[in-house]
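Quick notes on the structure that follows.
Just so it is clear, none of the values below were taken in a lab; they were calculated from the coordinates. Bear in mind that the values here come from a model prediction, so they are computed numbers and not experimental data. Here the Cβ is made from the backbone with ideal geometry for all residues, glycine too, and neighbour counts use every protein chain on show.
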Amino acid sequence: MDHIRGFIYILIAAILWACIGPVAKVAFAQGLTPLEAAFWRAVIGWAFFFGHGLLIKRVGIRISDFPVVIAFALLCVTVFYGSYLLAVDLGGAARASVLLYTAPAWVAVLAALFLNEKIGLRGLAGIMSCMAGVAFISVSSENIAGHEFSWAGIIFGLLAGFTYALYYIFGKKLFARYHPVTIFSWIFIIGAAGLFPFIEFSIPSPVTCAALLFLGFLSTYCAYFFYAQGLIRLKASSAAVIATMEPVVAALLAYLFWQENLGAWGYFGACLIIGGVIIQAARKKEPK
């Protein structure tokens, strides 16, 4: 029963993350820019994490750890949130979500370079599968409902995957010493501050406010909460495989609500990336 509950929690997190692109497009249609949406997502997410941190009395961080926390915030919130929503705006929600899931391949490379973790043949196969998937998505000639093919959209999608992968590198150092709520209470507000200089603020409509609240509360705070609860009840590799439902659900939602179509080659590339993620998730022994 606990295993089933863990599966449901991870699936809920994946669905909430999958909604980021389609819901963000609602805000874009109301005139909000991608970077402004990223800023408010970070601020709203921070408000809930900070309140949670105060409730459990875990918001303090050592001064010596601030340089790492600031780097974590600027790369994994400022750049990640901004690049992902720019990828959604330029290339569509479906393509952006699939490119985001090159993250496990980036993790394998970064871990080999900075954490002395061996990649191995299976890990290399996962990386090659992800790279091939990106190539197929890049050469797909299909225009996605209102989005002409854009190399900038591809680049921002890959940048989102790369900076998302950096969570693993920074997490190795910080999450071993601090409660996740403590770290999120700091990095979201610092990351939002990093986006601030690039934003021209507008007066949001009620629809925009609802979309931003969805992104900040449901797709950020609640998604991380459910994912953490799922990890308590499931093996790490099982959770990672279930989470690959995110680009699948995102592509489905983008098709249903925004008529986005990746085309035959694009969907084949998406399958290669998801397959590479599954290979990456299954390649390591489970932690005790």
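Some points to look at:
- Cα-centred dipole magnitude for the stretch 2-282, charges only on beta-carbon of K, R (+1) and D, E (-1), debye, nearest 20: 1000 debye
- Lysine pair count for the chain [Cα-Cα under 25 Å; pairs on different chains or 8 or more apart]: 19
- Gyration tensor (alpha-carbon) shape descriptor, the stretch 6-51, a/c threshold 1.5: oblate
- The mean sequence separation of alpha-carbon pairs under 8 Å and at least six residues apart, normalised by the residue count of the chain, gives a relative contact order of 43 percent.
- Each residue of the stretch 30-41 was assigned a 3J(HN,Hα) from its phi angle through the Karplus expression (A = 6.51, B = -1.76, C = 1.60, θ = phi - 60°), giving 8, x, 6, 7, x, 6, 5, 5, 5, 4, 5, 4 Hz with x at Gly and Pro.
- The packing ranking of peptides 16-22, 32-38, highest mean first, is 16-22, 32-38, where packing means the average number of other beta carbon atoms within 10 angstrom of each residue.
- Exposure proxy shown here: for Trp186, Trp106, Trp265, the number of other Cβ atoms within 10 Å sets the order, fewest to most, as Trp265, Trp106, Trp186.
- Coil-residue trypsin sites (Lys or Arg not before Pro) of the stretch 145-238, DSSP, other Cβ within 10 Å capped at 16: Arg177, Lys235
- The stretch 152-264: C-alpha gyration tensor shape, a/c 1.5 cut-off, then a/b vs b/c: oblate
- Distance from the stretch 203-275 to the stretch 67-106 (C-alpha centre basis), Å: 13 Å
- Quarter the surface of the alpha carbon convex hull of the stretch 2-282 and you get the mean projected area, 14.5 square nanometres.
- When the Cα convex hull of the stretch 20-102 is projected onto planes of every orientation, the mean area is 6.5 nm².
- With helices as the sole contributors, the chain gives -23500 deg cm²/dmol at 222 nm; each DSSP H run of n ≥ 4 counts as -39500 (n - 2.57), and the sum is divided by every residue.
- Vicinal HN-Hα couplings computed from phi for the stretch 169-182 (Karplus, 6.51 cos²θ - 1.76 cosθ + 1.60; Hz; Gly/Pro x): 5, 5, x, 4, 8, 9, 6, 6, 10, 10, 5, x, 4, 4
- Top of Ile199, Ile137, Ile44 by mean-square fluctuation, Gaussian network on the chain, Cα under 10 Å: Ile199
- Of all the options Gly91, Gly171, Gly120, the one that moves most in a Gaussian network model of the chain with Cα springs shorter than 10 angstrom is Gly120.
- Of the trypsin sites (Lys or Arg not before Pro) in the stretch 45-121, those whose Cβ has at most 10 other Cβ within 10 Å and which sit in DSSP loop: Lys57, Arg62, Lys118
- Choice from Ser97, Ser205, Ser64 with maximal GNM fluctuation in the chain (Cα, 10 Å cutoff): Ser64
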